[in-house]
């Protein structure tokens, strides 16, 4: 049986993790390119997690 995590739960989790003003403040203090790299890494991680949860075996 496949694992199933409702997308609403996943989006709620992501929304709760990304609302921290302190994290965003820290990213901007570190510099623009550091912020870009962190955002790209987070988006890649989220896409990877969604593909593992929603994707089937090939």
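The values are calculated or read from the model by the stated rules, or taken from the named source; none is laboratory data. This is a predicted model, so every value here is computed, not measured. Virtual Cβ from ideal backbone geometry, glycine too; neighbours counted across all protein chains shown.
Annotations for the structure displayed:
- Answer residue from the stretch 48-58, given it is part of a helix (DSSP H, G or I) and either farther than 17 Å from residue 16 by Cα or in contact with a strand residue (DSSP E or B) (Cβ under 8 Å, 6 or more places away or on another chain) (or both) and is modelled with the lowest pLDDT among those: 54
- Every condition in (1) assigned to a helix (DSSP H, G or I); (2) under 13 Å from the mean Cα position of the chain (by Cα); (3) at pLDDT below 80 is met by residue 25 except one, and the failing one is (2).
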